[in-house]
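Since every read-out is calculated from the coordinates, none of them should be taken as a lab result. Here the structure is a predicted model, which is why all the values come from computation and not from measurement. As a convention, Cβ positions derive from the backbone with ideal geometry for all residues, glycine included, and neighbour counts pool all protein chains shown.
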Amino acid sequence: MKFGIIKERKNPPDRRVVFSPDELTTLKQQHQNVTVKVERSDIRVFTDSEYENLGIELTDDISDCDIFFGVKEVPVENLIPNKSYFFFSHTIKKQPYNRKLLQAILEKNINLYDYETIVDANNRRLIGFGRYAGIVGAYNSIRAFGIKFELFKLPKAETLSGKEALITHLKRVVLPPLKFVITGTGKVGNGVKEILDAIKIKEVSVENYLTKNYTQPVYTQIDVLDYNKRKDGQVLDFTDFYQNPNEYISDFERFTKVSDIYVSGHFHANEAPVILTREMLQSKDCKIKVVADVSCDVNGPIACTLRSSTIAEPLYGYFPNEDKEVEVFHPAAIVVMAVDNLPCELPKDASEGFGEMVLEHVVPAFFNNDKDGILQRAKITENGKLTPRFSYLQDYVDGK
């Protein structure tokens, strides 16, 4: 079996890679019958020589490999027919901008596995960069506050060596007694929590957060039933919310009245209520000064996320009264950070963490006859057709 690590070709350039040099060495030690080739790249966070120094083959032609691992979408013209590919395809939600990519994958008889579709038997995602999105999102939220109120200047995360450097810089900052609210308790939300805990911001209960004043910065991490309520007033469980999201409305306003910084790390289904509405943001009671929308759904559950921002220009101002973008320093502006590729700011840490997950959950499936069904569930295309699990994409492929 031959594994190929492909060069990232999407713009803007992405420095992440699926496996670090050390992880490929581990892979070869664990599976003696695997051949590994790495396509040369001048943008990867690990240099070509770092791979070569560990005896890993570097080449400009990896077309003789069977299975290719990349991070971002592969341009159509670079897809090699009759192979298997792993990458984030951004097709499973019928994203219009990638229809041609999925059509080409089918035409070229490629087996596509998307990291988002790698799930366990209970449909829980096993692979992702979410933790690192949360880590950078938390850092950027504090950086944005410092910029808006001209209290302190933090360097951009992308200029620092990794997570520990972020924490070191944050520890040098003296924060006023801010209140942070985090939505979501998955990988993204817990990445945010990891940073706030590391810089000794105190976690408090929802009740204390809503009712008490503090002389130090505090945060609370909330889940869907903390910020949604049933329209009929019944108090039910998570299952009811996920089965009947239309029966719920947002109850997030109680947090907007006391929070300074909101960091979003939730998963949001299309049918679920809007979390932070225009009305909440326009209310005289709204105290929010910074919204770090790590989830970054434009026209989604966070009304002030008018567009995604970039690593180069991560912040913009939102003027609630007119529901429009303004300068960050506009006196009535809420600062929005909505970078949609945050893990790119920590390419080394994110790559190493991602590779660990792929080594643990994906690679063994190639050598144990996929006994846990990991590959079977994740496979989107096979033999020029959509697999049954992803047959719902047929109308998308057909252009309907």
*Treating the angle as unsigned and between 0 and 90°, give the value, to the nearest 10°, between the Cα long axis of helix 347-361 and the longest Cα principal axis of the chain.*
60 degrees
*ALA198: net charge of surrounding residues, Cβ under 11 Å, Lys/Arg +1, Asp/Glu -1, itself excluded?*
+1
*Report the extension gain between GLU50 and ASP398 in nm, rounded to one decimal, defined as 0.36 nm multiplied by the number of residues separating them, less their alpha carbon distance.*
120.9 nm
*3J(HN,Hα) from dihedral phi, region 147-154, Karplus parametrisation 6.51/-1.76/1.60, rounded to Hz, x for glycine, proline*: 5, 4, 9, 6, 9, 7, 10, 9
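Quote the charge dipole size of region 130-345 about the Cα centre in Debye, to the nearest 20; the model charges only the Cβ of Lys and Arg (+1) and of Asp and Glu (-1).
Values: 25 positive and 28 negative charges, 172 e Å.
The calculated dipole for region 130-345 is roughly 820 debye.
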*Going by average Cβ neighbours within 10 Å, how do the peptides 33-41, 136-144, 83-91, 346-354 rank, with the highest at the top?*
136-144, 346-354, 83-91, 33-41
_Note, ³J(HN,Hα) from phi for region 20-27, Karplus 6.51, -1.76, 1.60, rounded to Hz, x at Gly and Pro_ = 6, x, 4, 5, 5, 5, 4, 4
_Amide H contacts under 5 Å for TYR248, placed H, 5+ residues apart_ = LYS231
*What ranking, highest mean first, results for peptides 336-344, 160-168, 218-226 when packing means the other Cβ atoms within 10 Å averaged over each residue?*
336-344, 218-226, 160-168
_For a 26 Å ceiling on Cα separation, which of these pairs sit above it: LYS94/LYS385; LYS37/LYS193; LYS72/LYS163; LYS202/LYS324; LYS72/LYS156?_
LYS37/LYS193; LYS202/LYS324
*Amide H contacts of LEU178 (H built 1.01 Å from N, under 5 Å, at least 5 apart or other chain)*: VAL218
_Computed from the coordinates I sent, volume of the Cα convex hull per residue in Å³ equals one of [x] 182; [y] 154; [z] 167. Tell me the label._
[y]
_Pair ASN244, GLU356: separation of 7 Å Cα→Cβ label points (nm)_ = 4.1 nm
*asked:* Sort 359-372, 280-293 by the packing proxy (mean of other Cβ within 10 Å over each peptide's residues), most packed first.
replied: 280-293, 359-372
*asked:* Need the full-extension length gain, THR25 to LYS10, defined as separation in residues times 0.36 nm minus the C-alpha distance. One decimal, nm.
replied: 2.7 nm
*Taking H as built 1.01 Å from N, whose amide H comes closer than 5 Å to the amide H of PHE68, not counting residues under 5 places away?*
GLY4, SER84, TYR85, PHE86
*HN-Hα J in Hz across region 305-318 - Karplus 6.51, -1.76, 1.60, θ = phi - 60°, x for Gly and Pro*: 7, 7, 7, 7, 10, 10, 4, 5, 10, x, 10, 9, x, 10
